[in-house]
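Each value in this text was obtained by applying a stated rule to the coordinates, not by laboratory testing. Keep in mind that what you see is a predicted model, and the values were worked out from it rather than measured. Because the Cβ atoms are built from the backbone with ideal geometry, glycine has one as well, and the counts that use them run over all protein chains shown.
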Amino acid sequence: MGQIVQGARGGARVFGFPLEGFSLFQSLLLAVASACFTFFAATCLAIFALLIWNLFDPHALHYAADTYMYVGLPAGLLVLVVALPYFLIVWLRAKVKK
């Protein structure tokens, strides 16, 4: 006995998850959450990279300021600038289709 899976509506998908059907608030929340995740992930990777670099060639580094200001903040802002229009366009397309 096989199972028949009905085809879902087409639309924007990320890793198989549909990006349609969100309200405006949910779309804004997803954009901000993406930027926050990127900020923290980039900052974490930058701190570990500085730790490893400092093992081989010791420097007087200020880990927090260097990683936040030069890596985490630009990465988070870049993702926010890209994700905000993307999620707003997906939301607008869903509104226009209705």
Give me the angle, in degrees from 0 to 90, between the Cα long axis of helix 24-56 and the longest principal axis of the Cα atoms of the chain, rounded to the nearest 10. 30
Taking Cα atoms, the helix 73-97 axis meets the longest principal axis of the chain at an angle in degrees (rounded to 10) of 10
Net length gained if the chain between V96 and D66 were fully extended (0.36 nm per residue, minus Cα distance): 6.4 nm
Counting Lys and Arg as +1 and Asp and Glu as -1, each charge on the Cβ, what is the dipole of the chain about the Cα centre in debye, to the nearest 20? 780
Find the eigenvalues of the gyration tensor of the Cα atoms of region 57-98, then list the square roots of 5 times those eigenvalues as equivalent ellipsoid semi-axes, largest first, in whole angstrom. 40, 6, 5
Which shape class, rounded, prolate or oblate, goes with the chain when its Cα gyration tensor gives a ≥ b ≥ c as root eigenvalues, a/c under 1.5 marks rounded, and past that a/b bigger than b/c marks prolate? oblate
Signed unit charges on C-beta, dipole axis of the chain, positive-most listed residue L19, A65, C36: L19
How would V81, V96 line up from fewest to most surrounding beta-carbon atoms within 10 angstrom? V96, V81
